[in-house]
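Asker: First the structure, then my questions, so here it is.
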């Protein structure tokens, strides 16, 4: 078995500047006019819990799709995923042994298997290579967040997304709150001036560890460094991007949404690790402050620790009131305008796929321009916490910090990740 690799050399893609980035995120929605009523074939690349859930959402979103092929590095993952999906969808899961692919080239085999749509849900460290390959193969794409673990990787996705848009391929990124009916209504209220001009934003993402690091004693003698790290992927920055980029990016995305996906001026942050983890190199808590024009600040605080209070909320203050999301029921506004969301839940995870398939059926390709911008905002916060420096947006978009191992890394390779970052010592690159 081999891991799903980053295909194109990451270190060759470091030259996109601010102008190029600004151009590549401006994707107007266009209609290519070719409606598609076929039974669409879906390929799942990454068969863990999130991938299986995304496949379920895709099948529920459109009754005329079938799961055609799957890929992972671990055969037990494909077996578990397929068992669950076949129980739920029976005749619409047409995957057999010949289209169950394991190994470093597994994603390529899915792309060559005749699928129309791919679901990319491997660890984010592989996102850029898989995304590029899917675009080159002409597939429509659901791509789980984040869009990479470092700026070079995100730039690759931005360039590929621009090409996909030109080709009429639909792309939906896994920033699920953008598809949530209640949040959409709340942010529409904000955009229409219900709280006036935003004066501050405070977001929380306090939860437990997503995938705790296994003790060193759990490692089998035959497992290589790469296999061990993949089995604990959340705990290594080259695979996950760290807890802030992998999970709290949802809160960062809502900050971007509220500010019209405009660039911040600077960011300063703290973070660290309280829970010991042998070999892991990510933080388990962050406190990140983004500065926008006119001395407006957005604060995103996150934590992945056990036996602590949990909260996932947004407190958005403006000159005319405050919008509160995630506390006390449905989103609400208090101030000159009093408002509370009274509509129905639209199942945001399913809605992501509903809109993807609607766009394919209508011949009106979607492309989520914010998916890369929000990822870059999260990386900016991580950069500030790791280095202890106040980071500017120009420093972010020109960052050459590449977290990936060498491009020829093999399943049986020896690879030692970078050590746990130390503010004031870790350089800003």
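Asker: How many residues does the stretch 90-111 contain that are part of a loop (DSSP other than H, G, I, E, B) and touching a residue at least 60 places away in the same chain (Cβ under 8 Å)?
Answerer: Final tally of qualifying residues: 3.
Here's the yes/no breakdown for (1) without any contact (Cβ under 8 Å) to a residue 12 or more places away in the chain; (2) outside the structural domain of residue 49 (by TED's automatic domain parsing); (3) out of contact with any strand residue (DSSP E or B) (no Cβ under 6 Å at 6 or more places or on another chain):
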| site | (1), (2), (3) |
| --- | --- |
| 213 | no, yes, yes |
| 221 | yes, yes, yes |
| 224 | no, yes, yes |
| 229 | no, yes, yes |
| 252 | no, yes, no |
| 272 | no, yes, yes |
| 276 | yes, yes, yes |
| 290 | no, yes, no |
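Asker: Residue check: is residue 114 on the phi > 0 side of the Ramachandran plot, surrounded by fewer than 20 Cβ atoms within 10 Å (Cβ to Cβ) and not in a helix (DSSP H, G or I)?
Answerer: Criteria met by residue 114.
Asker: Spot the failing condition for residue 356; the list is (1) touching a helix residue (DSSP H, G or I) at 6+ places or on another chain (Cβ under 9 Å); (2) over 22 Å from residue 187 (Cβ atoms), and only one is missed.
Answerer: (2)
Asker: Check the stretch 383-404 and report whether any residue there is more than 23 Å from residue 269 (Cβ to Cβ) and touching a strand residue (DSSP E or B) at 6+ places or on another chain (Cβ under 6 Å).
Answerer: No.
To keep it simple, each residue is scored yes or no on (1) in contact with a helix residue (DSSP H, G or I) (Cβ under 7 Å, 6 or more places away or on another chain); (2) part of a strand (DSSP E or B); (3) surrounded by 16 or more Cβ atoms within 10 Å (Cβ to Cβ).
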{"site": "263", "(1), (2), (3)": "yes, no, yes"}
{"site": "268", "(1), (2), (3)": "yes, yes, yes"}
{"site": "277", "(1), (2), (3)": "yes, no, yes"}
{"site": "288", "(1), (2), (3)": "yes, yes, yes"}
{"site": "298", "(1), (2), (3)": "yes, yes, yes"}
{"site": "301", "(1), (2), (3)": "no, yes, yes"}
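Asker: Got a sec? Which of 354, 391 is assigned by TED's automatic domain parsing to the domain that holds residue 67, touching a residue at least 12 places away in the same chain (Cβ under 8 Å) and crowded, with 17+ Cβ neighbours inside 10 Å? Break it down into steps so the answer makes sense when it comes.
Answerer: Values: 391 fails: assigned by TED's automatic domain parsing to the domain that holds residue 67.
On inspection, the qualifying residue turns out to be 354.
Asker: Looking only at the stretch 320-338, decide whether some residue is over 23 Å from residue 198 (Cβ atoms), surrounded by fewer than 20 Cβ atoms within 10 Å (Cβ to Cβ) and under 25 Å from the mean Cα position of the chain (by Cα).
Answerer: So far as the stretch 320-338 goes, no, none of its residues is over 23 Å from residue 198 (Cβ atoms), surrounded by fewer than 20 Cβ atoms within 10 Å (Cβ to Cβ) and under 25 Å from the mean Cα position of the chain (by Cα).
Asker: Here's another thing I want to ask about it. All but one of (1) within 30 Å of residue 115 (Cα to Cα); (2) surrounded by 15 or more Cβ atoms within 10 Å (Cβ to Cβ) hold for residue 346, so report the exception by its number.
Answerer: Residue 346 satisfies every listed condition except (2).
Asker: Here's another thing I want to ask about it. Got a sec? Which of 88, 106, 161, 137 is modelled with pLDDT of 95 or more, assigned by TED's automatic domain parsing to the domain that holds residue 41 and out of contact with any strand residue (DSSP E or B) (no Cβ under 9 Å at 6 or more places or on another chain)?
Answerer: On the way: 106 fails: out of contact with any strand residue (DSSP E or B) (no Cβ under 9 Å at 6 or more places or on another chain); 161 fails: out of contact with any strand residue (DSSP E or B) (no Cβ under 9 Å at 6 or more places or on another chain); 137 fails: out of contact with any strand residue (DSSP E or B) (no Cβ under 9 Å at 6 or more places or on another chain).
It is 88.
Asker: Taking residue 214, is it part of a helix (DSSP H, G or I) and within 22 Å of residue 405 (Cα to Cα)?
Answerer: no
Asker: Which of the residues belonging to the stretch 158-176 are over 12 Å from the mean Cα position of the chain (by Cα) and part of a helix (DSSP H, G or I)?
Answerer: Our first condition is that a residue be over 12 Å from the mean Cα position of the chain (by Cα); within the stretch 158-176, this holds for 158-171.
Result: 158, 159, 160, 161, 162, 163, 164, 165, 166, 167.
Asker: Further question: I need the full set of residues from the stretch 377-396 which are part of a helix (DSSP H, G or I) and within 17 Å of residue 301 (Cα to Cα), in order please.
Answerer: 377, 378, 379, 380, 381, 382, 383, 384, 385, 386
Asker: Same structure again: Residue 315 passes all but one of (1) surrounded by fewer than 18 Cβ atoms within 10 Å (Cβ to Cβ); (2) more than 26 Å from residue 197 (Cβ to Cβ); which number fails?
Answerer: Going through the list (1) surrounded by fewer than 18 Cβ atoms within 10 Å (Cβ to Cβ); (2) more than 26 Å from residue 197 (Cβ to Cβ), residue 315 breaks only (2).
Asker: Next up: Any idea how many residues of the stretch 179-206 are closer than 23 Å to residue 246 by Cα and without any contact (Cβ under 8 Å) to a residue 12 or more places away in the chain?
Answerer: Result for the stretch 179-206: 1.
Asker: Additional query: Take the residues of the stretch 126-155 that are more than 9 Å from the chain's Cα centre (by Cα) and part of a strand (DSSP E or B): which is surrounded by the fewest Cβ atoms within 10 Å (Cβ to Cβ)?
Answerer: 141
Asker: To continue, here is another question. Yes or no: residue 323 farther than 28 Å from residue 159 by Cβ, outside any loop (DSSP other than H, G, I, E, B) and either touching a residue at least 12 places away in the same chain (Cβ under 8 Å) or in contact with a helix residue (DSSP H, G or I) (Cβ under 9 Å, 6 or more places away or on another chain) (or both)?
Answerer: Considered against the rule, which asks whether it is farther than 28 Å from residue 159 by Cβ, outside any loop (DSSP other than H, G, I, E, B) and either touching a residue at least 12 places away in the same chain (Cβ under 8 Å) or in contact with a helix residue (DSSP H, G or I) (Cβ under 9 Å, 6 or more places away or on another chain) (or both), residue 323 comes out as yes.
Asker: Buried (at least 21 other Cβ atoms within 10 Å of the Cβ) and under 27 Å from residue 282 (Cβ atoms) - does that describe any residue in the stretch 194-202?
Answerer: There is at least one residue in the stretch 194-202 that is buried (at least 21 other Cβ atoms within 10 Å of the Cβ) and under 27 Å from residue 282 (Cβ atoms).
The values are calculated or read from the model by the stated rules, or taken from the named source; none is laboratory data. Just so we're clear, the structure is a prediction, and the values are computed from it rather than from any experiment. In this analysis, Cβ positions are derived from the backbone assuming ideal geometry, glycine residues included, and neighbour counts consider all displayed protein chains.
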